[in-house]
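Read through the structure below, which is laid out as structure tokens, and then see the notes.
Every number in this text was worked out from the coordinates using simple rules, so none of it is lab data. Just so it is clear, the model here is predicted, and its values are computed rather than measured. Ideal geometry is used to build each Cβ from the backbone, glycine not excepted, and the neighbour counts take in all protein chains shown.
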Amino acid sequence: MVHELKKILNSYEISHKQGLKTVLASVVALNGSSYRRPGVRMLIEETGKMTGAVSGGCVEKEIWRQSQSVFENDIPKMMQYDGRFRLGCEGILHILIEPFHPEKGFIEAFRKVIKERLNFKITSRYSKKTEISSGFGTVFNFTKTLKIPVFNEFDFNTEKADETWKEFSQTIFPCFKLVIIGAEHDAVQLCSFASLTGWEVTVVAAASDMKTADFFPGIHQLINTSAEEIGNIKIDSQTAVILMTHSFVNDLKFLVALKNTKPAYLGLLGPVKRREKLLQAFLEYAPEVDDSFFDVIHGPAGLNIGAETPQEIAISILSEILSVIRQQQPVSLKTITGTIHKQIEC
């Protein structure tokens with residue numbers, strides 16, 4: 001969700017410079033099932049421009065209508081949207097609408113935790129009743145000591161005025177990162193598709209490669225480096241790596257250089273025979289490697305969906321990465337009986 005927050009903050013900065021009011025709509029509770037889950041947010045400008053979405057598009061018009069009073073009096077409000085009769089989603093959304101006008105340090109703190117890839121927490125105070133109250137609001141807990149509300153007049157530390165009020169908290173993890181080692185045509189497609197999901201994409205190209213970042217749609221960072229310098233790239237549990245240099249020797253060099261890292265996923269492009277040959281050679285260069293390193297290796301990378309073109313292969317690889325990080329066994333949804341997502345009562 002952090003990529004959605006980044007877009008919201010970028011839009012807010014533009015609106016703020018133009019002197020336009022903005023409000024934040026957050027799904028803080030759900031009874032039943034819905035297209036999106038609690039914790040999704042959208043920014044609404046007084047002109048009607050919206051950044052983000054809290055549903056498939058059906059709820060947003062009602063949120064815009066409900067937000068008019070918040071624009072007028074700067075007092076947060078709670079609204080309910082019953083999707084059982086309108087959307088067929090069998091769920092009731094509880095949505096907090098509040099002014100979005102944080103203090104100056106908010107943007108700086110947000111950018112700092114994003115850059116340093118740190119977790120942070122967001123907490124909202126709300127009620128399940130449809131009502132207006134200055135006691136409702138949202139606070140970003142960037143650190144244990146740095147807590148900034150999205151509306152600078154909201155004080156989250158005051159005692160709750162109503163014992164029926166609730167709190168919704170969520171931990172925001174660093175933006176998922178994909179490191180693509182290789183810069184050929186198929187890497188361009190993978191970069192483009194991954195960026196559309198909101199992932200931060202780093203492409204590692206050879207030091208002699210003349211391509212620029214403009215060659216890779218949606219790229220976050222292009223690094224021209226060798227395998228020996230790959231350690232300068234931060235690879236954490238929120239990172240997937242895919243080896244696709246199309247050179248056996250280069251893939252081997254990078255695999256050896258990655259032996260002490262712990263990515264969530266490490267994909268090897270190419271057929272089974274190439275994988276076996278690559279891993280055998282890898283063990284000759286790194287016989288002391290921990291067995292857990294092999295647990296994250298997936299080769300050939302991707303799910304078997306009949307992919308042929310570079311675009312289809314990109315979808316196959318991204319699908320496998322998602323299934324790994326979400327700990328899901330890929331199956332056709334039509335084989336699932338009951339609901340796709342768990343019913344939520346919160």
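Binning the C-alpha pair distances of the range 177-325 at 10 Å intervals from 0 yields a P(r) profile of 11, 46, 37, 6, 0 %, listed from the shortest bin outward. Taking label points 7 Å from Cα along the Cα-to-Cβ direction, Lys273 and Asp291 give a separation of 3.0 nm.
Estimated at 0.36 nm per residue, the fully extended path between Ser169 and Lys262 surpasses their Cα-Cα distance by 30.6 nm.
Computed extension gain for Asp214 through Thr309, at 0.36 nm per residue and net of the alpha carbon distance, reaches 32.0 nm.
Taking trypsin sites (Lys or Arg not before Pro) as exposed when DSSP calls them loop and at most 14 other C-beta atoms lie within 10 angstrom, the chain has its longest site-free stretch at 161-233. Highest mean packing first, where packing is the average number of other Cβ atoms within 10 Å per residue, the peptides 312-318, 192-198 line up as 312-318, 192-198. Normalised by 2.2 N^0.38 Å, where N is the number of residues, the alpha-carbon radius of gyration of the range 2-172 equals 0.98. Inter-label distance, Lys61 to Val249: 6.3 nm, where each label sits 7 Å from its Cα along the C-beta direction.
A crude spin-label estimate for the pair Ile14 and Thr197, with each label 7 Å from Cα along the Cβ direction, gives 2.6 nm.
Here the Karplus relation 6.51 cos²θ - 1.76 cosθ + 1.60, evaluated at θ = phi - 60°, turns the backbone of the range 233-246 into coupling constants of 8, 6, 10, 10, 5, 9, 10, 10, 10, 10, 8, 8, 7, 6 Hz, with x for every Gly and Pro. Scanning residues 5 or more positions from His298 or on other chains, those with amide H under 5 Å from its amide H are Leu266, Gly267, Leu268, with H placed 1.01 Å from N in the peptide plane. Between the Cα long axis of helix 2-17 and the first principal axis of the chain there is an angle of about 50°, rounded to the nearest 10.
The residues neighbouring His246, those whose beta-carbon lies less than 12 Å from its own, together hold a net charge of -2 under the Lys/Arg +1, Asp/Glu -1 convention.
A compact globular protein would have a Cα radius of gyration near 2.2 N^0.38 Å; the ratio found for the chain is 1.14. Couplings for the range 73-79, taken from phi via the Karplus curve 6.51 cos²θ - 1.76 cosθ + 1.60 with θ = phi - 60°, read 10, 6, 10, x, 8, 9, 10 Hz in order; Gly and Pro are left as x. Relative to the longest principal axis of the Cα atoms of the chain, the long axis of helix 105-115 lies at roughly 20 degrees. Rounded to the nearest 20, the Cβ-based charge dipole of the range 42-148 about its Cα centre (Lys and Arg +1, Asp and Glu -1) stands at 500 debye. A Cβ-based charge dipole, computed about the Cα centre of the chain with Lys and Arg at +1 and Asp and Glu at -1, lands at about 460 debye. Each Lys and Arg adds +1 at its Cβ and each Asp and Glu adds -1 at its Cβ; summed about the Cα centre, the range 177-325 shows a dipole of about 40 debye. Here the Karplus relation 6.51 cos²θ - 1.76 cosθ + 1.60, evaluated at θ = phi - 60°, turns the backbone of the range 36-45 into coupling constants of 10, 10, x, x, 7, 9, 8, 9, 10, 8 Hz, with x for every Gly and Pro. Rounded to the nearest 10 degrees, the inclination of helix 185-196 to the longest alpha-carbon principal axis of the chain is 20 degrees.
Of all lysines in the structure, the ones whose alpha carbon falls short of 29 Å from that of Lys253, not counting any fewer than 8 places away in one chain, are Lys115, Lys177, Lys211, Lys234, Lys262, Lys273, Lys277.
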